[in-house]
Amino acid sequence: MTIAGSIVLIMLGAILTWAVEFQLAGIDVNIVGVILMIGGLAGLLFGLYRISIARRTVVTGVDDPRRTRRVYEERRYDDPTV
């Protein structure tokens, strides 16, 4: 789930919880809204966690240089300079 999808779920849940005033037989619309907000919040937190891990430099085994793993980003620009 993307961050935008999570925000949409949170907004839809808030609308169902606080702005909708009708009743459905056997379904509580307010509870459905709260469930959508909780699911959207969980998806948002997971998406932010995934982004923070993807951008992190990994260094393990600081004391032993043989066990150190570093992640570098390389960019190559093949276009000639003008």
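None of the figures in this text is laboratory data; all of them are computed from the coordinates on show. Note that the structure is predicted; figures quoted are calculated from it, not measured. Neighbour counts run over all protein chains shown; Cβ positions are idealised from the backbone, glycine included.
For this structure, a couple of remarks:
- Residue-wise HN-Hα couplings along the stretch 20-25, as the Karplus relation 6.51 cos²θ - 1.76 cosθ + 1.60 with θ = phi - 60° gives them from phi, are 9, 10, 9, 10, 10, 5 Hz; Gly and Pro carry x.
- FRET efficiency, 1/(1 + (r/R0)^6) with R0 41 Å, evaluated for Asp78 and Ile31 via beta carbons: 0.15
- Residue separation of Ile38 and Ala4 scaled by 0.36 nm, minus their Cα-Cα distance, works out to 10.7 nm of gained length.
- Modelled FRET efficiency - R0 22 Å, Leu45 with Leu24, Cβ distances, 0.05 increments: 0.15
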